[in-house]
Amino acid sequence: MNEKEYMVILNLIQGLGTVRIRNLMEHFGSAAEIMNQPSYALQRVPGIGSHLAGAIRRWEELEYEEEFRLIKKLGVTITTIFDPDYPANLKEIYDPPVVLYLKGSVIPEDKPALAVVGSRRPSHYGLQTAQKISHQLAARGFTVVSGMARGIDTRAHRGALQAGGRTIAVLGSGLGNIYPPENGELAAEISRSGAVISEFPIRAIPDRQNFPLRNRVVSGLSLGVLVVEAAQRSGALITARLAMEQGRMVMAVPGRIDSFSARGTNSLIQDGAKMVGGIDDILEEFEYLFPAKTVAHPDHPDPEAVLKNLSENERLVFKELSEEETGIDRIFSETGLSSPAISAALISLELKRLIKRLPGKLFIRT
């Protein structure tokens, strides 16, 4: 058995944790040596009491052969904190995972990485903003990091993928237990354009206690964290707090003052996080990472040119819409058009992909 396999076995021991494993490694020099120590020698290491010493001594009772079988079957690679391919940003934090399971790869070009995180139950505006900003970041050479949770995280990954960029998903479960399950295909796609990673054994379930640990890796992999939408008590705010402790930049997209899902982000801004109203607010903090030509503004359609090619009714309706949801009753009252005329204009604008219809007879510009 080689040193990396012994490291995986140490990582299987419940309650041992990253800091204690590192203490043991510093004391004994290798994982193989740790496994051969008597209980009294193990207990000389800070944090190792009789219970943990006994668990280490009984390492052969662990289902490590099944773990190795699943690693091979799923095409997972293992990197440890002592390997040269371990992510450079993550190695800088206080308690980096000793072992990382990877589907895909983390490469040196992932060093300019930014985390985009937020609510699992965001507004349409939050979803749209997360995807748009992530797309723009990836197009400029940033790797987008998130937790592949429902909502903002999922859209962040999709935005990066649509731009043809790199993205890294950090799980709060094992790689053999993708969570949420509906993101299985997304995980496969991410692994082809970046990496899906976890510090937890292959079959680990998504326990609540895993997610704060996951969040420190999300921020640890990144130079900064952007929170798009978050309630006052949320995992995204835990990630932001951890980022502050790790010396990372914290940014937030402001939301409506009456929106529950924006209370956390608005509080972050009050507490000193950088307010982000668009991609330029992020780029100005990281211009040193890229040549000037890679941070040029993207081409945006000229609003006047868009209006020029519309009929009079389409123009009236389009002017009443924005990136905020607008109801059909407001369109009716503001334009003065008849219901059939409004319906025809909305259908035409949808076909031209200038607007999008939402549930509840709501519309937004795309």
* Could you list, in sequence order, the residues of region 176-219 that are buried (at least 20 other Cβ atoms within 10 Å of the Cβ), hydrophobic (A, V, I, L, M, F, W, C) and over 16 Å from the mean Cα position of the chain (by Cα)? -> Phe200, Ile202, Ala204
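For region 151-243, give me every one of the strands (runs of 3 or more DSSP E) that falls completely inside it and has 2 or more residues that are closer than 22 Å to Leu283 by Cα, touching a strand residue (DSSP E or B) at 6+ places or on another chain (Cβ under 9 Å) and touching a residue at least 60 places away in the same chain (Cβ under 8 Å). Give the steps one after another, and end with the answer.
On the way: elements: 167-170, 194-198, 224-227.
In region 151-243, 224-227 are the strands (runs of 3 or more DSSP E) which contain 2 or more residues that are closer than 22 Å to Leu283 by Cα, touching a strand residue (DSSP E or B) at 6+ places or on another chain (Cβ under 9 Å) and touching a residue at least 60 places away in the same chain (Cβ under 8 Å).
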* To do: Go through (1) among the charged types (D, E, K, R); (2) part of a helix (DSSP H, G or I); (3) at pLDDT below 95 and name the single condition Arg121 misses.
  => (2)
* To do: Those residues that are in contact (Cβ under 8 Å) with a residue 40 or more places away in the chain and in a strand (DSSP E or B), I need them from region 140-150; list them, please.
  => Thr143, Val145, Ser146
* To do: Output the number of residues of region 68-93 satisfying the condition of being more than 20 Å from the chain's Cα centre (by Cα) and not β-branched (Val, Ile, Thr).
  => 11
* In this structure, does Arg140 turn out to be among the charged types (D, E, K, R) and closer than 20 Å to Asp281 by Cβ? -> yes
* To do: Might you check whether a residue that is surrounded by fewer than 24 Cβ atoms within 10 Å (Cβ to Cβ), of a type outside the set (A, V, I, L, M), in contact with a helix residue (DSSP H, G or I) (Cβ under 9 Å, 6 or more places away or on another chain) and more than 24 Å from Ser322 (Cβ to Cβ) occurs anywhere in region 122-138?
  => no
* Quick one: is Leu24 in contact with a strand residue (DSSP E or B) (Cβ under 8 Å, 6 or more places away or on another chain), at negative phi and at pLDDT 95 or above? -> no
* To do: Return the pairs, sorted by first residue and then second, in which the second residue is of a type in the set (A, V, I, L, M) and loosely packed, with under 14 Cβ neighbours inside 10 Å, the first residue lies in region 338-366 and is in contact (Cβ under 8 Å) with a residue 40 or more places away in the chain and within 15 Å of Arg315 (Cα to Cα), the beta carbons are less than 7 Å apart, and the residues are 6+ apart or on different chains.
  => Ile364/Leu358
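The values are calculated or read from the model by the stated rules, or taken from the named source; none is laboratory data. What you see is a predicted model; the values in this text were computed from it and never measured. Cβ sites come from the backbone with ideal geometry, for glycine too, and all protein chains shown count toward neighbours.
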